[in-house]
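Participant: Below is one structure. I have some questions about it.
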Amino acid sequence: MRRYNQGGEEIRTIEVAPSLSIALLPVERADIVPAFFRDDPERDENAFQPFLTRAEASEGRGKTAPAAYRAWLSGRMAAKAAAALLWGGPPGDQEIRKNSEGRPDLYRPGLTAGPERPRGWLSISHTRGAAAAVVSRREPVGVDLERADRPVKASMARWAFTGPERRLAEEFSDAGGYLALWCAREAAAKCWGRALLNHLDSVRAARVDRERGLVVVDWLGPPTARAEAEIMVYDEFMLALAFPAEAPAGKIRAEIWPHE
């Protein structure tokens, strides 16, 4: 897995407002912008308001749990900044709405006449103290973000991973193999428009490419599908970015792999 640090030469930082900055994560794909936002618990929530549309501000007021609201704000900041860089226009002009399946879609209200359509693809993830988002112009994407020190207990590993996956986790040269596979599967499921916990037995890590920092993830279907998830560590966080991938005919196992 690739490792980056805040302030490193590979990381580009964009200041969207005083004391509000977004880190752009490196990715070798065109028309894709992955962004990372680190929240400061001391930051006044009013600093976020200029970046919310009226509809979003109304949605936010419905979140009564302070931690959930803060995480929601962080995810919006990352997503809006990434969308503004990909399509242009101020971050506050981008609007994020939930679709009928509960997933976020991206709009730019008033940009065109006629019925509005979502712009490209969007995925958001957040954890304690940070959020990540990725926007894409041409293809579905998925992102998952976790704290890199999150432990995966043996009981969790037996519940969440098959025997072949547990052996794959051991191929990582450093600690965090289980967490990397979990992030990869979560991001891949989002790429396919699904929730991992609803399809735990159908979203499987199939192969690890340590040289490229990739995990190949299969959807057992029907119909079958494949995604590649890039794993990276940014300071104390681990994240996976997943994109569709071609699978050779007959190479995805169609049966449910049993937990061993």
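Participant: For region 38-95, which residues satisfy the criterion of being among the polar types (S, T, N, Q) and not in a loop (DSSP other than H, G, I, E, B)? It would help to see each step written out before you state the result.
Facilitator: Taking region 38-95 as the starting set, the residues that turn out to be among the polar types (S, T, N, Q) are 46, 49, 53, 58, 64, 74, 94.
46, 49, 58, 74 - these are the residues of region 38-95 that are among the polar types (S, T, N, Q) and not in a loop (DSSP other than H, G, I, E, B).
Participant: I've got another one for you. Which one is surrounded by the fewest Cβ atoms within 10 Å (Cβ to Cβ), of the residues in region 186-208 that are of a type outside the set (A, V, I, L, M, F, W, C) and in contact with an Asp or Glu (Cβ under 8 Å, 6 or more places away or on another chain)? Walk me through how you get there before you give the answer.
Facilitator: Of all residues in region 186-208, those of a type outside the set (A, V, I, L, M, F, W, C) come to 186, 190, 193-194, 198-199, 201-202, 204, 207.
Now narrow it down to the ones that are in contact with an Asp or Glu (Cβ under 8 Å, 6 or more places away or on another chain): 186, 190, 193, 204.
Details: 186: 24, 190: 26, 193: 13, 204: 23.
Among residues in region 186-208 that are of a type outside the set (A, V, I, L, M, F, W, C) and in contact with an Asp or Glu (Cβ under 8 Å, 6 or more places away or on another chain), the one surrounded by the fewest Cβ atoms within 10 Å (Cβ to Cβ) is 193.
Participant: Looking only at residues in region 217-244 that are over 16 Å from the mean Cα position of the chain (by Cα) and assigned to a strand (DSSP E or B), which one is farthest from residue 185 (Cα to Cα)?
Facilitator: Step by step, filter region 217-244, then rank; the result is 225.
Participant: Residues in region 25-56 that are closer than 24 Å to residue 68 by Cα, of a type outside the set (Gly, Ala, Ser) and crowded, with 16+ Cβ neighbours inside 10 Å: how many? Working first, answer last.
Facilitator: Taking region 25-56 as the starting set, the residues that turn out to be closer than 24 Å to residue 68 by Cα are 34-56.
From what is left, the residues that are of a type outside the set (Gly, Ala, Ser) are 34, 36-46, 48-54, 56.
The next check asks that each one be crowded, with 16+ Cβ neighbours inside 10 Å; those that pass are 34, 36-39, 48, 51-53, 56.
Residues flagged as closer than 24 Å to residue 68 by Cα, of a type outside the set (Gly, Ala, Ser) and crowded, with 16+ Cβ neighbours inside 10 Å within region 25-56 amount to 10.
Participant: Check whether at least one residue in region 144-157 is touching a strand residue (DSSP E or B) at 6+ places or on another chain (Cβ under 7 Å), of a type in the set (Lys, Arg), surrounded by fewer than 23 Cβ atoms within 10 Å (Cβ to Cβ) and assigned by TED's automatic domain parsing to the domain that holds residue 59, and report yes or no.
Facilitator: To start, the set of residues in region 144-157 that are touching a strand residue (DSSP E or B) at 6+ places or on another chain (Cβ under 7 Å) comprises 144-148.
Retained after the next criterion (residues that are of a type in the set (Lys, Arg)): 147.
Checking which are surrounded by fewer than 23 Cβ atoms within 10 Å (Cβ to Cβ) leaves us with 147.
Checking the rest, the ones that are also assigned by TED's automatic domain parsing to the domain that holds residue 59 come to none.
No, because not a single residue in region 144-157 is touching a strand residue (DSSP E or B) at 6+ places or on another chain (Cβ under 7 Å), of a type in the set (Lys, Arg), surrounded by fewer than 23 Cβ atoms within 10 Å (Cβ to Cβ) and assigned by TED's automatic domain parsing to the domain that holds residue 59.
To keep it simple, each residue is scored yes or no on (1) within 18 Å of residue 135 (Cα to Cα); (2) among the aromatic types (Phe, Trp, Tyr); (3) touching a His at 6+ places or on another chain (Cβ under 7 Å).
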position	(1), (2), (3)
27	yes, no, no
34	yes, no, no
40	no, no, no
46	no, no, no
53	no, no, no
56	no, no, no
60	no, no, no
74	yes, no, yes
79	yes, no, no
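The values are calculated or read from the model by the stated rules, or taken from the named source; none is laboratory data. Remember, predicted model here, so these are calculated numbers, not experimental data. FYI the Cβ positions are ideal-geometry reconstructions off the backbone, even for glycines, and counts take in every protein chain you see.
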